[in-house]
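The values are calculated or read from the model by the stated rules, or taken from the named source; none is laboratory data. Note that the structure is predicted; figures quoted are calculated from it, not measured. Every residue, glycine among them, receives a Cβ derived from its backbone with ideal geometry; neighbour counts consider all protein chains shown. Please note that ligands, DNA and RNA were not included when accessible areas were found on the heavy atoms of the full protein model with its side chains. Shrake-Rupley method; radii C 1.70, N 1.55, O 1.52, S 1.80 Å.
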Amino acid sequence: MGRSRPRPVVRALKAVRWYVASVMGDNHYERYLAHRRATHPDEPVMTEREYWKARHDGTTVTARCC
């Protein structure tokens, strides 16, 4: 018999992982890319390096531009 993982525990761990990544900023660039592709598909996007530089320099970089 195979061992089955408790699904509620796995879901809870994934939710905690997502939350920590969001708080720490691990997924900010991915969210920026998703937003730009959805709302401005024909416009260029910043590289990840440019994104983090602008974010740390105090330049306004948000997932929502419009």
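The table that follows gives values for the structure above.
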{"item": "Pairs where the first residue, in the range 39-55, is free of Cβ contacts under 8 Å to residues at least 40 places away in the same chain and open to solvent by 70 Å² or more (accessible area, probe 1.4 Å) and the second is assigned to a helix (DSSP H, G or I) and not small (Gly, Ala, Ser), C-beta under 8 Å, 6+ apart", "result": "43/36; 48/29; 55/28"}
{"item": "Failed condition for residue 60, given (1) modelled with pLDDT of 90 or more; (2) open to solvent by 90 Å² or more (accessible area, probe 1.4 Å)", "result": "(1)"}
{"item": "Near pairs, Cβ below 7 angstrom, 6+ apart or cross-chain, from the range 4-31 (over 17 Å from residue 51 (Cα atoms) and of a type in the set (Asp, Glu)) to any residue that is modelled with pLDDT of 80 or more and not in a helix (DSSP H, G or I)", "result": "none"}
{"item": "Subset of the range 1-20 that is open to solvent by less than 100 Å² (accessible area, probe 1.4 Å) and at pLDDT 80 or above - its residue that is nearest to residue 46 (Cα to Cα)", "result": "20"}
